[in-house]
Amino acid sequence: MALKDFSALKELAKSRKGVKVVIAGGHDSEALKAANMAVKDGVAEIILVADKEKLEKTAGEEGIDISQFDIVYASDEAEMAEKAVKIVREGKAHAIMKGLVKTATFLKAVLNKEWGIRRAKLLSHVALFEVPTYPKVIFLTDGGMVPYPTLDEKVQILQNALWVTSRLGYEMPKVAVLAAVETVNPKMPATMDAAALTVMSWRKQIKAIVDGPLALDNVLSRVAAEHKGIESPVIEDADIFLVPDIEAGNLLGKSFTYAAGGKMAGIVVGATVPVIVPSRADTYESKYYSLLAGIAMKEG
């Protein structure tokens, strides 16, 4: 099963029952509006960990009834992050989201060695895009966490992305490993890594259909691929776009959003639950889509 668009993502989220999401710094106005939408749409229950006065002030300004949320009060960002992580640790929430808390403070709590919720060796970012010119949801990784990944780290980044798609119902997703060119060139490490990942999939070390190196035009356009004599199962049908480094991922993701008119959701993967770390520039709609992704990933 492949998600066609974010409407399908929303329906999948609605099918998950009893989902709870905790928001650290829940007095953030955009996060609060996204949380309000989640409750109104019946996709999740929301736990806010927030400063009491700031929450009441923001809720009043936005006209949001906070009685619909479970609320845990905290006095500073570090306490908010710690309390939110411990709520997950205790099994009381199925996803965690950053509100008005510094990213460094939030992730430090997630990764705390004593009471944190780390699951995998590496944390990486998976962005979901609904792009008008593409027939299904694109999973782009990693444009947010690992700057210049080694081959071993790319394997972990891909496994993290496959953890996401498996929870969303994908059995054998198609992965395009992107590079500047589609030929293997020893002078271009990204092409060598892409070739290695492809062979690993052939050997069943990676449970996915992987092909690369592929330039972006070869993945998006069958005509472009045919001109270059390229045959691949991922052409115009890739689910996961694996980029060579954080710069490529960041640029491609923003191009999908700002140039192609796409919608975006984002998840940090590698913890025991989806970790939602929105950008400061994200609108409440984008934060809501990220909430939907985290909610839809609940098993069962």
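The values are calculated or read from the model by the stated rules, or taken from the named source; none is laboratory data. Quick caveat, the model's predicted, so the values are computed rather than measured. FYI the Cβ positions are ideal-geometry reconstructions off the backbone, even for glycines, and counts take in every protein chain you see.
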| said: Regarding segment 284-294, can at least one residue be identified that is in contact (Cβ under 8 Å) with a residue 12 or more places away in the chain and out of contact with any strand residue (DSSP E or B) (no Cβ under 9 Å at 6 or more places or on another chain)? | reply: yes
| field | Neighbours by Cβ (under 9 Å, 6+ apart or cross-chain): first from segment 84-101, in contact (Cβ under 8 Å) with a residue 12 or more places away in the chain and farther than 10 Å from residue 49 by Cβ; second aromatic (Phe, Trp, Tyr) and surrounded by 19 or more Cβ atoms within 10 Å (Cβ to Cβ) | value | 98/106
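How do the strands (runs of 3 or more DSSP E) wholly within segment 43-149 filter down when requiring 1 or more residues that are closer than 23 Å to residue 279 by Cβ and more than 20 Å from the chain's Cα centre (by Cα): which remain? Talk me through it step by step, then tell me what you get.
On the way: elements: 45-50, 70-73, 95-98, 124-130, 138-141.
Answer list for segment 43-149: 45-50.
Is it the case, given these coordinates, that residue 23 is more than 17 Å from the chain's Cα centre (by Cα) and at pLDDT 95 or above?
No: the conditions fail for residue 23.
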| field | Complete set of residues in segment 237-264 that are assigned to a strand (DSSP E or B) and not charged (D, E, K, R) | value | 240, 241, 242, 264
| remark: All conditions in (1) of a type outside the set (Val, Ile, Thr); (2) closer than 25 Å to residue 44 by Cα; (3) more than 15 Å from the chain's Cα centre (by Cα) are true of residue 178 except (2)
